[in-house]
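Colleague: Dumping the structure here so I can ask a few things about it.
Read-outs throughout are calculated quantities, based only on the coordinates presented, and are distinct from any laboratory measurement. None of the values given here were measured: they were computed from a predicted structure. Every residue, glycine among them, receives a Cβ derived from its backbone with ideal geometry; neighbour counts consider all protein chains shown.
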Amino acid sequence: MNNARSFAIAAFALVLIAMSARTGWASITPQAGRELLAKSAPAIASVRVTSEMVMTIEGREDTPEEEDIEVAGCVVHPSGLIVTSLTGTDSATLYQDLWSRFETVDFKFRSDIRDVKVRLDDGSEFHGEVALRDRDLDIALIRPRAPLEKPLTALDLSDPAGLEILDPVLLVGCAGRQLHWTPTAHVSAVTGVLTRPRRMYLLPGSEDWSLAPGLLGGAAFSAEGKLAGVVVIRRLQPIGKEPAESIFVILPAREIQPVLSQVLKD
């Protein structure tokens, strides 16, 4: 009996080892994660958007109020071009999603961007402007208002990592000013792969995101340390009277490349 039990345990261990080798489970060690965080931090920025928020209640427009919102962003070109989550920079969308759950009152929100300030990992800052919005991809491209004095460290989009379900990923971001722009990281895994209308990688539910603020708009890396994409929000279509839901996904880097090329041509 003991021999049989020992054999079963050994066989089970071999299965786990084989699965780990195939899927990459537990292949992002704390040390490897810290090294990747340190390497990528110069290309991760904090994007602070100041907007004028206007709320309309039952058709009556309220007094505009100034709103500040902060989200991580990824430097994707040495000239200072930054990609981030469009939803993360738009207070109106965030409020609309929240209040859409209340059917008794008609709330509508509109925000007009007044200022964009980018803070880099070394503490330097510059004012930016929105060069392009793509609501379908949920990305906004931010560019400097004036040419920068020197090129920035940028993430490499040319050789992106492909991910499959259960592949581990390291999510790297930047917390806001209330947390002193601290670099953040979170080890997660792909919970599903969307193929329509385009490829996107699903991430776990929001309960995990409280562990590491500042990840929305940040970068996602494979276990091998290659850039996989950027963390954005995928808004799901409402079903019946149910409000629209939003989920966190990784937008593959290859989806960003054409948009980046379009802005660089302009």
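Colleague: Using Stokes-Einstein with the Kirkwood hydrodynamic radius over Cα pairs, what translational diffusion coefficient do you get for the stretch 28-265 at 20 °C and a viscosity of 1.002 mPa s, in µm²/s rounded to a whole number?
Modeller: Using the Kirkwood radius from Cα pairs, D works out to 117 µm²/s.
Colleague: Here is a further query. Go through LYS117/LYS265; LYS39/LYS265; LYS39/LYS108; LYS108/LYS150 and tell me which ones have a Cα-Cα distance over 31 Å in this structure. Provide the component values of the computation, followed by the final result.
Modeller: Working: LYS117/LYS265 23 Å; LYS39/LYS265 29 Å; LYS39/LYS108 42 Å; LYS108/LYS150 42 Å.
Table pairs above 31 Å Cα-Cα are LYS39/LYS108; LYS108/LYS150.
Colleague: Still on this structure, I have one more. Which of VAL190, VAL47 comes first, and how do the rest follow, when ranked by fewest Cβ neighbours within 10 Å?
Modeller: Listing VAL190, VAL47 from fewest to most nearby Cβ atoms yields VAL190, VAL47.
Colleague: Across bins of 10 angstrom width beginning at 0, how are the C-alpha pair distances of the stretch 103-224 distributed, in whole percent?
Modeller: Calculated over all Cα pairs of the stretch 103-224, the distribution is 10, 32, 36, 20, 3, 0 percent.
Colleague: Please list 3J(HN,Hα) in residue order for the stretch 34-50, calculated via the Karplus relation 6.51 cos²θ - 1.76 cosθ + 1.60 where θ = phi - 60°; whole Hz, with x for glycine and proline.
Modeller: These are the phi-based 3J(HN,Hα) values: 5, 5, 5, 4, 5, 5, 8, 3, x, 9, 10, 10, 10, 10, 9, 10, 9 Hz.
Colleague: Then there is this: Once amide H atoms are built 1.01 Å from N in the peptide plane, which residues 5 or more positions from ALA161, or in another chain, come under 5 Å H to H?
Modeller: For ALA161, the qualifying residues are LEU227, ALA228.
Colleague: Kindly write out, for the stretch 249-258 in residue order, the coupling ³J(HN,Hα) from the Karplus curve 6.51 cos²θ - 1.76 cosθ + 1.60 (θ = phi - 60°), rounded to whole Hz, with x marking Gly and Pro.
Modeller: Per residue, the Karplus-derived 3J(HN,Hα) values read 9, 9, 8, x, 4, 5, 6, 7, 4, x Hz.
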